[in-house]
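Asks: The structure is given below, and queries will be raised subsequently.
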Amino acid sequence: MRGTTVSSRQPGPVASFVRFVVCGGGTGLASSAALVYLSGSMSVAVANAIITVVSTLLANELHSRITFRNGRASWRVHVESTGTAVVCYLLTTAAMLVLDTVATNPGALTEQAVYLSASGLAGIGRFLVLRLFVFARPKAAAARTATVTALPAPVVPAAAFDRAAVAVAA
């Protein structure tokens, strides 16, 4: 985490959600435009897979640095965040495949509406998982740094008492 300042506490839920929407929404809108472009030359599922991989790496980093203010994303964060993105990928792909099954030749506007709606629902679920599990800071660790432990009483060897008792008795 060179050159980054990490806050000692996680931003509130509203601030985190606003940042999540801006970062995730920005990558989502870029992904949506890329989907339209790529789906002209390949299947929607393949295009969505490519877009999901690239946008996930970018979004993981943005969420770590901006949304939850944890500094640079670690490998653990990338793996856990990517797990949530896989679920989002499955949801958006299912939505697009259902659209292709239901509508013979959907227009770009319809595709965008379905894709963005599915992405929005998946995004809300992803935010909750990221905030509550992936980027949650353990309360025990924060309490540990704030707690002052009392020093134990000094232990006096029993032999010292024996010598003192002998000296007093003599």
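The values are calculated or read from the model by the stated rules, or taken from the named source; none is laboratory data. As the structure is a computational prediction, the values presented were derived from the model and not from experiment. Reconstructed Cβ throughout: ideal geometry from the backbone, glycine too, with neighbour counts over all protein chains shown. Please note that ligands, DNA and RNA were not included when accessible areas were found on the heavy atoms of the full protein model with its side chains. Shrake-Rupley method; radii C 1.70, N 1.55, O 1.52, S 1.80 Å.
Asks: Within region 56-73, can one find any residue that is in a loop (DSSP other than H, G, I, E, B), open to solvent by less than 20 Å² (accessible area, probe 1.4 Å) and touching a residue at least 24 places away in the same chain (Cβ under 8 Å)?
Replies: Scanning region 56-73, I find at least one residue that is in a loop (DSSP other than H, G, I, E, B), open to solvent by less than 20 Å² (accessible area, probe 1.4 Å) and touching a residue at least 24 places away in the same chain (Cβ under 8 Å), so the answer is yes.
Asks: Turning to a different aspect of this structure: Regarding region 91-104, can at least one residue be identified that is more than 23 Å from R137 (Cβ to Cβ) and in a loop (DSSP other than H, G, I, E, B)?
Replies: For region 91-104, residues more than 23 Å from R137 (Cβ to Cβ) and in a loop (DSSP other than H, G, I, E, B): present.
Asks: In addition: Only one of (1) touching a residue at least 40 places away in the same chain (Cβ under 8 Å); (2) more than 24 Å from the chain's Cα centre (by Cα) is not met by T84, so which one is it?
Replies: Looking at each condition in turn, T84 falls short on (2).
Asks: Sticking with this structure for a sec: Among S31, S43, which is open to solvent by less than 70 Å² (accessible area, probe 1.4 Å), more than 12 Å from the chain's Cα centre (by Cα) and over 25 Å from V129 (Cα atoms)?
Replies: Exactly one residue qualifies, and that residue is S43.
Asks: Residue check: is A108 in contact (Cβ under 8 Å) with a residue 60 or more places away in the chain and loosely packed, with under 15 Cβ neighbours inside 10 Å?
Replies: The answer is yes for A108.
Asks: Quick one: which of T92, T101 is β-branched (V, I, T) and open to solvent by 40 Å² or more (accessible area, probe 1.4 Å)?
Replies: Working: T92 fails: open to solvent by 40 Å² or more (accessible area, probe 1.4 Å).
That would be T101, the only listed residue that is β-branched (V, I, T) and open to solvent by 40 Å² or more (accessible area, probe 1.4 Å).
Asks: Next up: Do you know which residues across region 100-151 are at pLDDT 90 or above, more than 18 Å from S16 (Cα to Cα) and hydrophobic (A, V, I, L, M, F, W, C)?
Replies: Within region 100-151, V102, A103, A108, L109, A113, V114, A118 qualify.
Asks: Regarding G26, is this residue open to solvent by 30 Å² or more (accessible area, probe 1.4 Å) and either over 17 Å from R137 (Cα atoms) or polar (S, T, N, Q) (or both)?
Replies: So G26 passes the test.
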